[in-house]
Structures are given as C-alpha cells and as structure tokens.
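I am attaching a structure below and will ask some questions about it afterwards.
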Amino acid sequence: MGLELYLDLLSQPSRAVYIFAKKNGIPFELRSVELLKGQQHSDAFAQVNPLKKVPALKDGDFTLAESVAILLYLSRKYEVPDHWYPQDLQARARVDEYLAWQHTALRSSCTRAMWQKQMMFPVFLGEQVPPETLASTLAELDRCLQLLEDKFLKDQDFVAGPHISVADLVAITELMHPVSAGCQVFRSRPKLAAWRQRVEAEVGKDLFQEAHAAVMKVEDLPPADPAIKEKLKPSVQCLLQ
Amino acid sequence: MGLELYLDLLSQPCRAVYIFAKKNRIPFELRPVDLLKGQHLSDAFAQVNPLKKVPALKDGNFTLAESVAILLYLTRKYKVPDHWYPQDVQACALVDEYLAWQHTALRRSCLRALWHKVMFPIFLGEPVSPEMLEATLAELDVTVQLLEDRFLQNKTFLTGPHISLADLVAITELMHPVGAGCQVFEGRPRLAAWRQRVEAAVGEDLFREAHEVILKAKDSPPADPTIKQKLMPLVLAMIQ
C-alpha cells in the first residue's frame, strides 16, 4: 500500500495538504474522513491518528498527524521544488516562523469565524451564537489579517518571500474558511487580494477551485440530525468561546 | 554584533531556546525582556519583534520570532548534533508532529494553569473562580495524559531513543504548572522518569538555572496599577 492521505476538504489543513500533494504530482490514495458525520471518531481512524483529527498520513507502517508535519514530510520525501520549503537558512526560517505563528493566530480566528458566523453553529448545529461572541471573533480575525499583511506579507509577493511556499498554502486555505461563511476578508484589503490572486495562479485555478468546492457549499448544508449533533457538539464547544 | 536572543525565562518557549543555545554552546548576547514590567511592549523591542513576544532572535540584520522557528534556525546554522532534529525523514517528521501539536495543546493548558493558579491572583490581584481553576486544571490533566499516552508511551524520549527539540519544548512547558505548584509528575511514573532523563541529558545545572525564575513565580510582588492596566488585555487574549 502506498501513501494514503486521510482528508476532509472541509478542513483547512486538509486542503493545504491536498493542494500540495496534487500540485507536486505526489501519488496518493485519498481516504475520505467525513467530519460532519463524525467519522474521525471511528476506531478504524484512531489506528491512523489517535488524536482523531484530519489531515493524517499513512505511508506503509508510518503514520503521521499535524498538517505542518505532513507538508514538511512530503516536501522532503518527494524532493519538491525548493521554493516550497527553501534550503536557504533565513528563507526557511521565515516559512517556519509563519507556520508556527498561525496555529494560535490566523487558524484559530478563521475556524471560529467560519463556525460562528453563518452556518455551522446557527444552522447546522442549531446553536445560538451570542452577538458579542461573534463580534469579538470577527475583531480578532481582523487583527490577525492585519498582522498577516503587516508582519508577514509586507511588500513581498508571498508570505515568506518572493516565491510561493507551504506558508502561503497554509494561509490561503485558512482564509477561505471565513470566506465560505460570507466574511469579506479580501474586500478593502487590496494587498491581500492581490496576494490571493498570485497564490491561486501559482496553484492553478482548477486545483484551487476543486480543493475548495466542499467548503464553499457549506451554506447548502441541511441541519444535522440529532444523533450527529450529539456526537459533534462536545468537540466543537470550544469554538464558541 | 553577533547573535542576540531576546528572552525572559519566565516564558516557557524562552527557556527552551535558552537551554538549547547553552547546551550547544552557541555564542549569543542575552537581551533580557522583562515581561512583568511590560518591556515587550516597548517601541525598541517592536523593532526586533513586531509581534511583541519573546523569544525573539536578532542575527545581524535578520530578526526572527516564534520559538520553534528560532530553535530550527539555530539547529541548522550551528550544525548541532543530529538527534536534536534528525536528518532521517521519518524521525524528523515525528519531531515536527510534536512541535505542531503542542501549540494549541500542552502549551495552552500549561499557560492557563500558571495564570489561573498563580499569576492572576498573586501578580494581577484578580481572583479566579474555583470553577474556572478546576476546569483549567482538569484540562491540563487531560493534555498531560495525552502527552504520555500518545507521544511518550514507552519510549525513552518523546520521539524516540534520543532527546530532541520536542523534549526541550515539552519539559519547559511542564515546568510552568510545576512553578504554579501543580504536581504534574505525581502519579505519573513514566513521565517522571522521562523528566529525569531529560534533565540528565540537558545537565542539571543548566536545567536549574533556566528554571530559577519560574520556580519563584509564586513570589511575584503584585503589579503596580499602570502595569496591570497595560498587561491585562494582552494576558486575557493570550490565555483565551
């Protein structure tokens, strides 16, 4: 059995891994794990990732969790073009810096914004989101977007320098989360909008669209049935803070 | 000007960077940034790290934030022994996996434990409800158990037979609740044994030196009102 990638394209880090693997022609079996059906909680999946999250990787007997670790593993194993994770000491450090920062910054606010704003809590789970919570989430998202622009992107073409890297993939897939919930993150941010165009062009529009088809259809989701709600609610409660 | 490391040993990631640099005899100028005095908020420090956090690195004109990025930079630039961040693709991936996981897991619970148990009441003079403290400590318990069951298991070190960056990052995190008086190693013989091994590998003197500040956290004098006002919103955001 070759490389298997356990993904749900509803998840931002799954999209980053998917785009990276496809763009680099890395051969893999796609193993779908449907988060909204609670499939990440199955015993079978726990064998692949006991942390019960996607993305996850299985390469022969070797299993790996965490999208950043997976992206770097794929970069090294498949010897992808240098710009994705440059050999140059300082250029690489810039990518590492972004990949570290985003966990508790952009990722966190993008996930919360997507769940609280339109669909996931209010309609899919049928749970009210207090207006103050949503307002605070959107303010935090705004703050992170400003940092993304001012501290990371600056006047560069891409997040970590003149060429696209895994940092851009991780960032763009995060931003598409609130976009799917109707947050206009690129409006009135021409710099960020221009960067988005560049990333989409580098990735390829078809691949980009394909990777984002699932999340962009989130607004068509019917409310979850009660059994699913019971299963999912505990693990997503923290997103309501 | 050579390598400068901007650190406050009150901070877990600063301790990891400090121990790593010292252990590997990496020459650097220590630039102390006193967090409890709000020095990370100064304009001068913003030149080094616009994110206003420690640790931060300055190497000539090159500045770098984020402890994981800093540790990796130092690893590569100073060509430290392989075990810290192995060349082997799979061994390296396991270190990356831990370094990624910990941001939103162990780091978060350790930070909250220190602040809810000690820093809010003693330093900021803000009471923390028993329910909140209990919830925080329960969360810490779950995360530490995950560290043991999912990462350490029956291995010598977190990602294999040798100490790596993962162990440094983990141990410095766990010393945070220890500094707050939480007995994280009690009733956890596997974890306690791992701690001994990490301390031995790092060197007991260096380990003690790096942790002097955090172990005195309970003795922090109360913040003056100006500092408190300055720090409160940031602290609240940080431990969210």
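Please verify whether segment B:167-179 includes one or more residues that are part of a helix (DSSP H, G or I), in contact with a strand residue (DSSP E or B) (Cβ under 9 Å, 6 or more places away or on another chain) and either surrounded by 19 or more Cβ atoms within 10 Å (Cβ to Cβ) or not charged (D, E, K, R) (or both). Before the answer, list the steps.
Taking segment B:167-179 first, the residues part of a helix (DSSP H, G or I) are B:167-179.
With the extra rule that they be in contact with a strand residue (DSSP E or B) (Cβ under 9 Å, 6 or more places away or on another chain), the set shrinks to B:167.
When the remaining residues are screened for being either surrounded by 19 or more Cβ atoms within 10 Å (Cβ to Cβ) or not charged (D, E, K, R) (or both), the result is B:167.
The answer is yes; a qualifying residue exists.
If I go through segment B:44-71 residue by residue, how many of them are closer than 9 Å to B:TYR6 by Cβ, facing chain A (nearest Cβ under 10 Å) and assigned to a loop (DSSP other than H, G, I, E, B)?
Within segment B:44-71, residues that are closer than 9 Å to B:TYR6 by Cβ, facing chain A (nearest Cβ under 10 Å) and assigned to a loop (DSSP other than H, G, I, E, B) number 1.
Taking the criterion of being assigned to a loop (DSSP other than H, G, I, E, B) and within 14 Å of chain B (Cβ to nearest Cβ), would at least one residue in segment A:62-75 satisfy it? Steps first, answer last, please.
As a first pass, look at segment A:62-75 and keep what is assigned to a loop (DSSP other than H, G, I, E, B): A:66.
Those left that are additionally within 14 Å of chain B (Cβ to nearest Cβ): A:66.
For segment A:62-75, residues assigned to a loop (DSSP other than H, G, I, E, B) and within 14 Å of chain B (Cβ to nearest Cβ): present.
For A:ARG189, indicate whether it is more than 24 Å from A:VAL17 (Cα to Cα), modelled with pLDDT of 95 or more and surrounded by 12 or more Cβ atoms within 10 Å (Cβ to Cβ).
For A:ARG189, the condition - more than 24 Å from A:VAL17 (Cα to Cα), modelled with pLDDT of 95 or more and surrounded by 12 or more Cβ atoms within 10 Å (Cβ to Cβ) - is met.
In addition: Could you list all residues from segment A:161-180 that are crowded, with 20+ Cβ neighbours inside 10 Å and part of a loop (DSSP other than H, G, I, E, B)?
Once the filter is applied, which keeps residues that are crowded, with 20+ Cβ neighbours inside 10 Å and part of a loop (DSSP other than H, G, I, E, B), segment A:161-180 yields A:ILE164, A:SER165.
Follow-up question, since we're still on this one. Got a number for residues in segment A:208-232 being within 13 Å of A:THR173 (Cβ to Cβ), open to solvent by less than 50 Å² (accessible area, probe 1.4 Å) and in contact with a helix residue (DSSP H, G or I) (Cβ under 7 Å, 6 or more places away or on another chain)?
4
To continue, here is another question. Tally time: how many residues in segment B:83-105 are more than 7 Å from chain A (Cβ to nearest Cβ), of a type outside the set (A, V, I, L, M) and either farther than 12 Å from B:ASN24 by Cβ or touching a Leu at 6+ places or on another chain (Cβ under 6 Å) (or both)? Before the answer, list the steps.
Residues of segment B:83-105 more than 7 Å from chain A (Cβ to nearest Cβ): B:83-88, B:91-92, B:94-95, B:98-99, B:102, B:105.
Of the ones still in play, those that are also of a type outside the set (A, V, I, L, M) are B:83-88, B:92, B:98, B:102.
Filter again for either farther than 12 Å from B:ASN24 by Cβ or touching a Leu at 6+ places or on another chain (Cβ under 6 Å) (or both), leaving B:84-88, B:92, B:98, B:102.
Of the residues in that region, 8 qualify.
Turning to a different aspect of this structure: Exactly one of (1) polar (S, T, N, Q); (2) open to solvent by less than 30 Å² (accessible area, probe 1.4 Å); (3) within 17 Å of B:GLN87 (Cα to Cα) is unmet by A:GLN116. Its number?
A:GLN116 satisfies every listed condition except (3).
Six or more apart or on different chains, Cβ under 8 Å: which pairs go from a residue in segment A:92-105 that's more than 8 Å from every other protein chain (Cβ to nearest Cβ) to one that's among the aromatic types (Phe, Trp, Tyr)? Could you list them?
A:VAL95/A:TYR85; A:TYR98/A:PHE152
In segment A:9-55, what residues are assigned to a helix (DSSP H, G or I) and among the aliphatic types (A, V, I, L, M)? Let's see the steps before the verdict.
Step one: list which residues in segment A:9-55 are assigned to a helix (DSSP H, G or I), which gives A:12-23, A:35-37, A:39-41, A:43-48.
Matches in segment A:9-55: A:ALA16, A:VAL17, A:ILE19, A:ALA21, A:LEU35, A:LEU36, A:ALA44, A:ALA46, A:VAL48.
Any idea which of B:ILE171, B:ILE214, B:ILE163, B:ILE227 is at pLDDT below 95 and either of a type in the set (A, V, I, L, M) or not assigned by the TED database to the domain that holds B:HIS103 (or both)?
B:ILE227
Taking segment B:59-83 as the region of interest, how many residues are open to solvent by 10 Å² or more (accessible area, probe 1.4 Å) and modelled with pLDDT of 95 or more? Show your work before the answer.
Filtering segment B:59-83 for residues open to solvent by 10 Å² or more (accessible area, probe 1.4 Å) gives B:59-63, B:66-68, B:75-83.
Then keep just the ones that are modelled with pLDDT of 95 or more; that gives B:59-63, B:66-68, B:75-78, B:80-83.
The number of residues fulfilling the criteria is 16.
Test each condition in (1) under 25 Å from B:ARG208 (Cβ atoms); (2) without any contact (Cβ under 8 Å) to a residue 60 or more places away in the chain; (3) open to solvent by less than 70 Å² (accessible area, probe 1.4 Å) for B:TRP115 and report the one that comes out false.
(2)
Also, quick follow-up: Going through A:LYS151, A:LYS58, A:LYS53 one at a time, which residue ends up being in contact with a strand residue (DSSP E or B) (Cβ under 7 Å, 6 or more places away or on another chain), within 11 Å of another protein chain (Cβ to nearest Cβ) and open to solvent by 10 Å² or more (accessible area, probe 1.4 Å)? First the steps, then the outcome.
On the way: A:LYS151 fails: in contact with a strand residue (DSSP E or B) (Cβ under 7 Å, 6 or more places away or on another chain); A:LYS58 fails: within 11 Å of another protein chain (Cβ to nearest Cβ).
On inspection, the qualifying residue turns out to be A:LYS53.
The values are calculated or read from the model by the stated rules, or taken from the named source; none is laboratory data. From a predicted model like this one, the values you see are computed outputs, not experimental measurements. Because the Cβ atoms are built from the backbone with ideal geometry, glycine has one as well, and the counts that use them run over all protein chains shown. Ligands, DNA and RNA are stripped out before the accessible areas are found, and what is left, the full protein with its side chains, is counted by its heavy atoms. Shrake-Rupley method; radii C 1.70, N 1.55, O 1.52, S 1.80 Å.
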